[in-house]
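Down below is the structure, laid out as structure tokens.
The values are calculated or read from the model by the stated rules, or taken from the named source; none is laboratory data. On a predicted model such as this, the values are computed, not experimentally measured, just so you know. For neighbour counting, all protein chains shown are included, and Cβ atoms are generated from backbone atoms with ideal geometry for every residue, glycine included. Side chains are part of the model used for accessible areas, which takes the heavy atoms of the whole protein and leaves out ligands, DNA and RNA. Shrake-Rupley method; radii C 1.70, N 1.55, O 1.52, S 1.80 Å.
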Amino acid sequence: MKAARAVLEYLKSQGVRHIFGIPAGSVNVLFDQLVEMPEITPVVTKHEGAASYMAAAYAKYSNQLSVAIGCSGPGGTNLVTGAANAMREHLPVLFLTGAVPVNTLGLNASQELDAEPVFRSVTKYSVTVRESKDLLPEVVKAVEIAISGVPGPVHVAMPIDVQQGEVSNVTIPEPPKRAPIVPELDTIKQVAQELAKRESGYVFVGQGVRYSVDQVLELATLLNWPIVTTPQAKGLIPEEHPLLSGVFGFAGHEGASALINEGDGQTLLILGSSLGETATNNWNPNLTKNRFCVQMDFDKTVFGRKYEIDIPVLGDINLSLMFLLEELKALGLPKAGGKAFAKQQAYVPTEEYNTQNVLKNLQKHLPADTRYTVDIGEFMSYVINYMNVLDYNTFDINVHFGAMGSGIGSAIGAKFADPDRPVVCITGDGCYFMHGMEILTAKEYRLPILFVVMNNARLGMVYHGHELQYKRSHASFLQQEISIAAMAAAMGVPSYRVDEPGDLNQEALSSLLNAGGPAVLEIALVDNNTPPMGDRVKFLSSFGK
């Protein structure tokens, strides 16, 4: 069989059911073989960058390997941003790129690019295969690396003739199994003893607890300690939980900030957060100041990166929490009493036509289990601060490495991974102009996703950032207003435009949600209120002093 077919047979055995990308000359062999493999659906996107984010979201919400593909040269470079994102989020994505024939390498062939070093810094493994017999073994090796240890993306470049070549005696290996990273029991015992004797503290939750939320809640209840989440972890802890204080970090809540800034001497238990810039409010020194700090993570590189940690616990979060719970119970927990704390009060919408009121009213009309993929823009800070967590894993907020427009592709990947869950993308006009044509991809695959486009005819976050930092902004940040609802209608996608508060109602939303495919809700709104991003601006402003 052809080497490309052997790769596809292996991916099928892995449970891969979708490949995200765009067909082109250097990957045509692989796409041709898919004609004979109905088990794998090629999701043909409008841009490889969007395909990379679809694959990342698919990996996140299916909790398994996903695949993105692009042609040699520009197709490959268009995938790089998504690879960097997958690396930051520890997502096992296999990036396949075409390459020119082996005997033309170095001859300046059309769309020639040595993609291996380009991907190396944003993947766990990057390789160019030069012989057909090595293609399947290299893909197998790459997949094993992607899944093992700290999961992450990998890249394999496949010259055209290598894909086309015949291979014999092909044996499809068994899917690799990830060996768990087991924490040291003595370390767990030490942590349990320290936590049990301390009267009060906080549980600081990052996105690394995505698959361990029940254990986090049990632990917080045993300790009777408030929970503070990072922006990327918003959506993991339900709003009504009595111990949830709110979000700390970019666009976070005053109550959570008060706990961190004023709770001197409290113990800090950090779960699944790398303590990056957006999670720590620009590396706020008060986070660990005069505190006994325990950090649990499966990535040893996060320990001591910026903050001193008293006890680092290396291991899979679910195992670390399971062992810790057992030890704490053996020591006689749960605790009684505990220090009172101010819980973040829910925002009550008013009649004013502004961003927070629109988002709160929007959520009121949507199913409680809606998953929101949130793009990059000023609206993102309002989502973090004002929208409620009504169900598990509600928000996909890519503030780590999110590119403008990434939320659009993420919505499509999330829907493929979890078809039964309602998906709503909250994006902006700037993001839409970058990747809005992917709504056609959703239409072609009949995906019922609601794309909410906040249209303020400007680069909103840039505008507000400059106004706050420099007290002025460049005129080029403003754009001529375009009717995005009309653009959607031209694509044959149901759409509705909101110009004032009364336009956003249940009847309009129901019509869009029952369209049988994607729909666009355009919110035409210029909001000159300052978004909840002041600390970010203070941080940037400090460099000008």
### Query
Is there any pair with a first residue in segment 288-315 that is closer than 11 Å to I188 by Cα and at pLDDT 95 or above and a second that is of a type in the set (S, T, N, Q) and open to solvent by less than 70 Å² (accessible area, probe 1.4 Å) whose Cβ atoms are under 6 Å apart and which are 6 or more apart or on different chains, and what are they?
M296/S320; P312/Q295; V313/T187; V313/S320
### Query
Does G152 satisfy the condition of being touching a residue at least 24 places away in the same chain (Cβ under 8 Å) and touching a His at 6+ places or on another chain (Cβ under 6 Å)?
yes
### Summary
Within segment 81-98, restricting to residues that are closer than 9 Å to S52 by Cα and among the β-branched types (V, I, T), the one that is surrounded by the fewest Cβ atoms within 10 Å (Cβ to Cβ) is T81
### Query
Of all residues in segment 224-260, which are within 14 Å of Y382 (Cα to Cα) and among the aliphatic types (A, V, I, L, M)?
V247, A251
### Task
Residue by residue through segment 421-447, note down the ones that are assigned to a loop (DSSP other than H, G, I, E, B), within 18 Å of T41 (Cα to Cα) and not aromatic (F, W, Y).
R446, L447
### Filtered residues of segment 517-534 (kept if part of a loop (DSSP other than H, G, I, E, B) and open to solvent by less than 60 Å² (accessible area, probe 1.4 Å))
G517, P518, L525, D527, P531, P532, M533
### Task
Please go through segment 179-188 and pick out each residue that is of a type in the set (V, I, T) and either modelled with pLDDT under 95 or open to solvent by less than 30 Å² (accessible area, probe 1.4 Å) (or both).
I188
### Task
State whether the residues of segment 354-371 include one that is under 30 Å from S200 (Cα atoms), out of contact with any strand residue (DSSP E or B) (no Cβ under 9 Å at 6 or more places or on another chain) and either at pLDDT below 95 or surrounded by fewer than 21 Cβ atoms within 10 Å (Cβ to Cβ) (or both).
no
### Task
Give just the number: which of (1) without any contact (Cβ under 8 Å) to a residue 60 or more places away in the chain; (2) open to solvent by 40 Å² or more (accessible area, probe 1.4 Å) does G436 not satisfy?
(2)
### Candidate set: segment 2-25, residues that are more than 21 Å from V143 (Cα to Cα) and at pLDDT below 95; chosen: the one surrounded by the fewest Cβ atoms within 10 Å (Cβ to Cβ)
G25
### Task
Could you look through segment 477-497, keep only residues that are assigned to a strand (DSSP E or B) and at pLDDT 95 or above, and pick out the one that is least open to solvent (accessible area, probe 1.4 Å)?
S495
### Query
Where in segment 233-348 are there strands (runs of 3 or more DSSP E), lying fully within it, with 1 or more residues that are farther than 21 Å from H90 by Cβ and under 27 Å from the mean Cα position of the chain (by Cα)?
244-247, 267-271, 293-297
### Message
Any residue at all in segment 189-199 that's more than 23 Å from the chain's Cα centre (by Cα), surrounded by fewer than 18 Cβ atoms within 10 Å (Cβ to Cβ) and assigned to a loop (DSSP other than H, G, I, E, B)?
### Response
yes
### Query
Before we move on, is F119 open to solvent by less than 10 Å² (accessible area, probe 1.4 Å), in contact with a strand residue (DSSP E or B) (Cβ under 6 Å, 6 or more places away or on another chain), in a helix (DSSP H, G or I) and closer than 19 Å to L135 by Cα?
yes
### Query
Taking segment 195-230 as the search range and keeping residues that are farther than 29 Å from N63 by Cα and of a type in the set (D, E, K, R), which one is modelled with the lowest pLDDT?
E199
### Query
What is the one condition in (1) open to solvent by 50 Å² or more (accessible area, probe 1.4 Å); (2) under 24 Å from the mean Cα position of the chain (by Cα) that D161 does not satisfy?
(2)
### Query
Residue check: is A99 among the small types (G, A, S) and more than 17 Å from the chain's Cα centre (by Cα)?
yes
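So that you can scan it fast, the table gives a plain yes or no per residue for (1) over 23 Å from T278 (Cα atoms); (2) in contact (Cβ under 8 Å) with a residue 12 or more places away in the chain; (3) not β-branched (V, I, T):
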{"residue": "P180", "(1), (2), (3)": "yes, yes, yes"}
{"residue": "Q190", "(1), (2), (3)": "yes, yes, yes"}
{"residue": "K197", "(1), (2), (3)": "yes, no, yes"}
{"residue": "Y211", "(1), (2), (3)": "no, yes, yes"}
{"residue": "T221", "(1), (2), (3)": "yes, yes, no"}
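Listed here are the residues, each with its yes/no results for (1) touching an Asp or Glu at 6+ places or on another chain (Cβ under 7 Å); (2) among the hydroxyl-bearing types (S, T, Y); (3) open to solvent by 40 Å² or more (accessible area, probe 1.4 Å); (4) closer than 19 Å to E194 by Cβ.
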{"position": "L268", "(1), (2), (3), (4)": "no, no, no, yes"}
{"position": "L271", "(1), (2), (3), (4)": "no, no, no, yes"}
{"position": "E277", "(1), (2), (3), (4)": "no, no, yes, no"}
{"position": "P285", "(1), (2), (3), (4)": "no, no, yes, no"}
{"position": "T288", "(1), (2), (3), (4)": "yes, yes, no, yes"}
{"position": "V294", "(1), (2), (3), (4)": "yes, no, no, yes"}
{"position": "F298", "(1), (2), (3), (4)": "yes, no, yes, no"}
{"position": "V313", "(1), (2), (3), (4)": "no, no, no, yes"}
{"position": "N318", "(1), (2), (3), (4)": "no, no, yes, no"}
